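All of the numbers you see were taken from the coordinates with simple rules; none came from a lab. Keep in mind that what you see is a predicted model, and the values were worked out from it rather than measured. All Cβ positions, even for glycine, are placed from backbone atoms using ideal geometry, and neighbour counts span all protein chains on display.
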Amino acid sequence: MKNAMRKIPVLMVAGVLSAVGARAADLWLHVSVDEENGAQVSVNLPLALVDKALAMVPDEHLRDGRILIDDVEWSVAELRELWRQVMDGPDMTFVTVEDRDENVRVWKQGGYLMVEVREHGDRSTVDVRIPGSVVDALLSGEGGELNVAAALTALAAHGEGELVTVNDSRDRVRIWVDGSAEMR
């Protein structure tokens with residue numbers, strides 16, 4: 001009886017992990033890009049395959065444990081600390097920029113990090129909605145590493161939903177996760 005009781009937590013963890021694996025096998029990451037010049041790019045990958053596909057992408061933005069974005073460098077440790085502060089705080093707006101060219105808003109709501117950009121001239125829009133659990137998992141790597149595999153597992157556990165949409169007078173980009181192998 002004692003051995004059976006010890007096996008219950010192990011079986012429960014194995015069941016949860018297999019359910020997440022099965023869920024990842026059922027979900028697809030979609031990227032759709034429609035460019036002004038008529039070019040179209042469509043990517044449909046099973047979520048379980050994304051980690052393998054990402055390993056083949058050249059690493060232009062992460063070097064020596066530092067993330068490079070628009071000529072600004074942050075260490076993964078700095079990002080972890082910033083993220084911890086964000087998640088420990090209440091739902092709120094962190095940044096609001098309003099000027100004659102665009103409005104930008106960054107906020108946390110219901111466990112999501114949200115970003116909204118509205119450009120006035122050409123009516124461009126950017127909407128980003130990232131589950132906090134995915135960012136937590138991404139930042140769970142050791143040292144200067146990002147844990148992409150853990151982030152993908154968290155994304156699979158989160159399930160279907162829109163992640164990024166960009167619309168302007170020239171191009172459209174959409175990134176989302178759903179249960180269909182084909183784009184809808």
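For Ser75, the residues whose modelled amide H falls within less than 5 Å of its own, excluding neighbours fewer than 5 places apart on the same chain, are Ile67. Residues in segment 80-97 carry Karplus couplings, in order, of 4, 5, 4, 5, 4, 4, 4, 6, 6, x, x, 4, 5, 8, 8, 9, 9, 10 Hz; the curve used is 6.51 cos²θ - 1.76 cosθ + 1.60 with θ = phi - 60°, and Gly or Pro positions show x. Dipole magnitude for segment 104-184: about 280 debye, using +1 per Lys or Arg Cβ and -1 per Asp or Glu Cβ, origin at the Cα centre.
Derived scalar couplings between HN and Hα for segment 131-145 equal x, x, 4, 6, 5, 3, 5, 4, 7, 7, x, 8, x, x, 9 Hz in order, rounded to whole Hz, by the Karplus curve 6.51 cos²θ - 1.76 cosθ + 1.60 (θ = phi - 60°), x for Gly and Pro. With neighbours defined as other Cβ atoms within 10 Å of a residue's Cβ, the residues Ser133, Ser75, Ser169 order from fewest to most as Ser169, Ser75, Ser133. For segment 87-184, the square roots a ≥ b ≥ c of the C-alpha gyration tensor eigenvalues yield an a/c of 1.5 or more together with a/b not exceeding b/c, which makes the shape oblate.
Of Tyr112, Ala154, Ser180, which is farthest towards the positive pole of segment 91-184's charge dipole, taken about the Cα centre with +1 and -1 on the beta-carbons of Lys, Arg and Asp, Glu respectively? Positive-end residue among those listed: Ser180.
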